[in-house]
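All of the numbers you see were taken from the coordinates with simple rules; none came from a lab. Remember, predicted model here, so these are calculated numbers, not experimental data. Methodologically, a virtual Cβ is constructed for each residue, glycine included, from the backbone with ideal geometry; neighbour enumeration extends over all protein chains shown.
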């Protein structure tokens, strides 16, 4: 098959789930092109090793980067239009049609993103990795810029954060015109169906991890008494890291030997540093910044407990079952997370980890103290967590399934139950 992947930017270190699907298709012998619709990332000095191994930048087509400044945006946009108009003059005029494309034409987003397609492209499958990009997939196909079967994935922000801004009817045309949908958890699938997506046209297809890269190890209470705790994730509001910091600082008053490592970077770094200082917790809590996957594995290998305190953002942003949580569970770490978004589909409370309410510092601290005091449960939690990740989120199984879905959609068949849905059915029947 000839497959096009639509992404916002590529490559992005925080989106290994997209990279895994791209590489999975290449490994299975398919021809892949990648369209980075918001231009190239500002920094390409740090990329995932798979980007270089599979020479993915050579397969990537970059739309022109759209300037933030409105005047420069229009000057550059009109210049792009003049230079490229000969390729498809009728379509170029429609790209500025504000009555049809509203704000996406007025802001020139449609124009900038359409530039790589003015010479018509043809594929078997066009996979839009967020459904906000699926809107453009539909429009490009209607304009005759691209042809192929359209698949769109709901991943999180596109079915949570995006809705308060644009309204519940924003996807109505997408629901009508797209051939098939995927959601990375049951929670987001149900939200899409509630908005009007045909339930027969959407399957749960989880984000996979390479379980072989995250070796399982049973956890025991350390002989030196230093219990090491970790969190991996972007330093943004929906990761809820401030609540974990407050909980660890509270627990450290009783158990001064604990150490908490926060792996990641983001817009809240300065605020979190101030919070740690204000709680006098600098000795116990460390912000380690971004790390490559190999470094993350090395850190987690020395740890005993993992925290993933996701919360619903003020803008409505929510998480699916997060990959960093899957990685920790695959390594046998007992985990504490929240009843948030799709996370309860990954963590079964009291069986493969613990779940607490969002933003509940006291509840996080209570579960953390329980784990410190009852290290005898670490192994059972870790073993069950590993088994659950292997059953539902193994990257190779999911990539095999994705190719099957592509083929069935290409053959105009409705795909049957996905790996994740089959697992849920089996759980329900037992």
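If neighbour count is taken as other Cβ atoms inside 10 Å, put 155, 219, 9 in order from fewest to most.
9, 219, 155
Taking other Cβ within 10 Å of each residue's Cβ, how do 378, 139, 74 sort, fewest first?
Placing the least packed residue first, the sequence is 74, 378, 139.
Largest first, please: the extent of the C-alpha atoms of the chain along each principal axis, to the nearest Å.
Computed over the Cα atoms, the extents are 72, 51, 41 Å.
If we restrict to alpha carbons, what Rg and Dmax does the stretch 2-204 come to, in Å?
Every Cα atom of the stretch 2-204 included, Rg and Dmax give 16.7, 46 Å.
Measure nothing but the geometry: give the 0 to 90° angle between the long axis through the Cα atoms of 70-84 and the longest principal axis through the Cα atoms of the chain, rounded to 10°.
The helix 70-84 is inclined about 50 degrees to the chain.
I need two numbers for the stretch 211-390: Rg to one decimal and Dmax as a whole number, Cα atoms only, in Å.
My reading of the Cα-based Rg and Dmax gives 14.7, 44 Å.
Report the full-extension gain for the segment residue 71 to residue 58: residue separation times 0.36 nm, less the Cα-Cα distance, to one decimal in nm.
The residue 71-residue 58 span can extend by a further 1.5 nm.
What is the Cα centroid distance between the stretch 3-21 and the stretch 343-391, reported in whole angstrom?
Measuring centre to centre over Cα atoms gives 30 Å.
Based on DSSP H runs of at least 4 residues, each adding -39500 (n - 2.57), what is the mean residue ellipticity at 222 nm of the chain after dividing by all its residues, to the nearest 500 deg cm²/dmol?
The per-residue figure over the chain is -12500 deg cm²/dmol.
Taking Cα atoms, how many degrees apart are the long axis of helix 419-429 and the longest axis of the chain, rounded to 10 and kept between 0 and 90?
Tilt of helix 419-429: around 50 degrees.
Test of understanding: what is the full-extension gain from residue 283 to residue 299, defined as 0.36 nm times their sequence separation minus their Cα-Cα distance?
The residue 283-residue 299 span can extend by a further 4.0 nm.
Based on the mean of other beta carbon atoms within 10 Å per residue, what is the order of 285-292, 379-386, most packed first?
379-386, 285-292
Ranking request for peptides 26-37, 140-151, 60-71: highest mean number of other beta-carbon atoms within 10 Å first, then the rest in descending order.
Averaged packing, sorted descending, gives the order 140-151, 26-37, 60-71.
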